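All remarks here apply to the structure that follows.
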């Protein structure tokens, strides 16, 4: 799943970047208007735009996710991906404390903030 791979990539970029004056942070921002695309940024520079297939939407993503130079995210977050024609849902879950990224058929029990 490309979203999970992108999250892991962002985390590795954050860990391997020099932490000068706080270092760059890496953020994933979802287009909340459509849920059809997201961008990955290093501080304010866009590194990648990803447009989801027309049949897939990101749902209920309220906040952006940020990884810091220690590899930890600013919060735990669940991304809900829904296949419109199949009516199938998958969850990409980021753990708050460790930054572990996993894919699941079921939602997280409680996403820590």
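Nothing in this text is a laboratory measurement; each read-out follows from the coordinates by a stated rule. A quick note: this is a predicted structure, and the numbers were derived from the prediction, not measured. Cβ: placed from backbone, ideal geometry, glycine included. Neighbour counts: every protein chain shown.
So that you can scan it fast, the table gives a plain yes or no per residue for (1) touching a residue at least 40 places away in the same chain (Cβ under 8 Å); (2) within 13 Å of the chain's Cα centre (by Cα); (3) part of a strand (DSSP E or B); (4) loosely packed, with under 13 Cβ neighbours inside 10 Å:
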residue	(1), (2), (3), (4)
46	no, no, yes, yes
50	yes, yes, yes, no
70	yes, no, no, yes
82	no, no, yes, no
85	no, no, no, yes
90	yes, no, yes, no
93	no, yes, yes, no
97	no, no, no, yes
- Task: Could you please let me know if residue 42 is free of Cβ contacts under 8 Å to residues at least 60 places away in the same chain, touching a helix residue (DSSP H, G or I) at 6+ places or on another chain (Cβ under 9 Å) and surrounded by 14 or more Cβ atoms within 10 Å (Cβ to Cβ)?
- Result: yes
